[in-house]
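Participant: Below is the structure I would like to discuss, written out as structure tokens.
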Amino acid sequence: MDEPVSEAWAKRPESVPADDPEAADDAGSPRLGPRPLERPAVDPDSAAAFARPDGVGGAFADHDRSTTPPPGPVLAAPPPAALALAFGRPNGSGPTLQRPPSAGGGTAPDAPALWAEDGNPWRDPRAPVELGPPPLSPTATPHPPGEGARLSLREVLFGRRVHPRALALFGLIAILIGAAGGLVGRLTADGAAELTEPGATLSTVSEAKERPPGSVADIAARTVPAVVSLEIRVGEEAGTGSGVVIQPDGYVLTNNHVVAPAAAGSSGRVDALFSDGTRAPARIVGRDPKTDLAVLKVEVANPVVAPIGSSAALAVGDGVIAIGSPLGLAGTVTQGIVSAVDRPVRLDAGEGDADAVIDAIQTDAAINPGNSGGPLVDSTGAVIGINTAIRSIGATSGTEGGSIGLGFAVPIDTARGVAEELIRAGVVRHADLGVNARSVTDGATDGAQVQNVTANGPAAAAGIVEGDVIIKVGDRPIAGADELVVAVRERKPGDTVPVELVREGRPLTLSVVLASD
């Protein structure tokens, strides 16, 4: 390995002469000659087992041969009978594909041709592929697996087909299963019997819920005794309503439309039913159809009087409680909030000629027919309104609808003044402007347009004419005809009030001295 490459190439093998012109390429480089072919000697046993037949030069001999095959193959010893039955060829299937070798190699002299003209596919490689029968003995009859014969009860017990010890074991298992089932049933029955106790009594426990001062339960306990259920009878007809005691001498405040049927004729009767079951006749002291209020007098000793609050400081969201006899169910309490204040609402006061409009408190406390005249109280239990009306869906003339969360009450500040006037004089006088109006808007400003002016009335004396649109009375803006009515009735007869209006597109302010209705 240490000699130079050029010297290594200079050396030539003895098998290639140095002067051979074909032993070198064009560049003069030496070329190595092929090594001699070495063929190892064939083992005689292998040659005898795997050599081609005599006269066959390739893997397959020609189909048409003119030479006669040598006779007689040398056969090996027959295989065992079990292997021949399992793996041997079917009987009568003809010669084998491989020709038995001769003892000295090659084919026996008397062996027939490997591919004779007999059309045997086992020997002709050009024959098509065919699927032959399985290599089974023609005498063998296959039996498919199946269920064996079943034993009857008679054969099991008396046919000596089952060992007696097996029968005894089966009987013992059945007895154990039955005993276990009986034990479980007994335990279940005993457990069910323990669930009942004939002499059981419940122990006394303390009150489960606290009712602190100011809760709805506390307010109802203090206010319900001051609320009365009113029964009105006129001939064969009857109705119900509610009222609240406002004076110790038995004065009850309610709605005018509750007692109006009894006041219309001499056959009418009003009875007051208190929460303690006391019943007493009630007399009508006075009625005010324009505010839908009335005062009754009941002769009872020491009635519970409801505390009177103020509606001036009410705000939207304040909690309120409505108490009354809706649908004849006396002493019913419902809870809600103030959902609006100063809401002008036109009422059905029970008299067709009355212009009944109130500046109402709107609440979502459930109010239904029969609540009318009952109190609306605040979170302290003070009366801040008299439940008067509801808005309902589906109600028509002569029918009553249910509450949908829109109830209206007369503010107690208005009701207190009306009740005092009714107790003192039996009638109430309201301030009057002397006009009839309708609600109008021009898309930017709302108001009440004057339709007619009462002759020699306050409006006529101040110079108000038909067609004028009143937009403000005193400090209160006017958005419609109903709001004009309540704005005037907030005043007293004889008060002088500035009235802002629009006449033919021009603003104008007039001073009006209000008269009495």
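The values are calculated or read from the model by the stated rules, or taken from the named source; none is laboratory data. In this text, all values refer to a predicted model and were calculated from it rather than measured experimentally. A quick note on method: Cβ atoms are made from the backbone with ideal geometry, for glycine too, and the neighbour counts reach across all protein chains shown.
Participant: Please return the ranges of strands (runs of 3 or more DSSP E) entirely within region 265-310 where 2 or more residues are surrounded by fewer than 21 Cβ atoms within 10 Å (Cβ to Cβ). Break it down into steps so the answer makes sense when it comes.
Facilitator: Values: elements: 268-273, 279-288, 293-298.
Here the list reads 268-273, 279-288.
Participant: Scan region 451-503 for residues that are among the basic types (Lys, Arg) and exposed (fewer than 15 other Cβ atoms within 10 Å of the Cβ) and report the count. Walk me through how you get there before you give the answer.
Facilitator: Within region 451-503, the first condition is being among the basic types (Lys, Arg), and the residues that meet it are 472, 476, 489, 491-492, 503.
Subsequent filtering for residues that are exposed (fewer than 15 other Cβ atoms within 10 Å of the Cβ) retains 492.
Of the residues in region 451-503, 1 are among the basic types (Lys, Arg) and exposed (fewer than 15 other Cβ atoms within 10 Å of the Cβ).
Participant: Also, quick follow-up: So which residues in region 250-264 are more than 54 Å from the chain's Cα centre (by Cα) and part of a loop (DSSP other than H, G, I, E, B), if there are any at all?
Facilitator: Gly250
Participant: Going by what's in this entry, would Val316 be described as part of a loop (DSSP other than H, G, I, E, B), among the aliphatic types (A, V, I, L, M) and in contact with a helix residue (DSSP H, G or I) (Cβ under 9 Å, 6 or more places away or on another chain)? If you could, list the steps in order and put the result at the bottom.
Facilitator: Details: part of a loop (DSSP other than H, G, I, E, B): yes; among the aliphatic types (A, V, I, L, M): yes; in contact with a helix residue (DSSP H, G or I) (Cβ under 9 Å, 6 or more places away or on another chain): no.
When the stated conditions are applied, Val316 does not pass them.
Participant: Before we move on, is Ile412 outside the structural domain of Val305 (by TED's automatic domain parsing), among the aliphatic types (A, V, I, L, M) and in contact with a Ser or Thr (Cβ under 7 Å, 6 or more places away or on another chain)?
Facilitator: Details: outside the structural domain of Val305 (by TED's automatic domain parsing): no; among the aliphatic types (A, V, I, L, M): yes; in contact with a Ser or Thr (Cβ under 7 Å, 6 or more places away or on another chain): yes.
So Ile412 fails the test.
Participant: Condition first: assigned to a helix (DSSP H, G or I) and either touching a Ser or Thr at 6+ places or on another chain (Cβ under 7 Å) or free of Cβ contacts under 8 Å to residues at least 12 places away in the same chain (or both). Now tell me which residues in region 442-478 satisfy that. Even if it seems obvious, please write down each step before you answer.
Facilitator: Of all residues in region 442-478, those assigned to a helix (DSSP H, G or I) come to 458-462.
Answer for region 442-478, where residues must be assigned to a helix (DSSP H, G or I) and either touching a Ser or Thr at 6+ places or on another chain (Cβ under 7 Å) or free of Cβ contacts under 8 Å to residues at least 12 places away in the same chain (or both): Ala460, Ala462.
Matching residues to (1) among the hydrophobic types (A, V, I, L, M, F, W, C); (2) loosely packed, with under 10 Cβ neighbours inside 10 Å:
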position	(1), (2)
Gly185	no, no
Lys209	no, yes
Ala217	yes, no
Ala220	yes, no
Glu231	no, no
Gly235	no, no
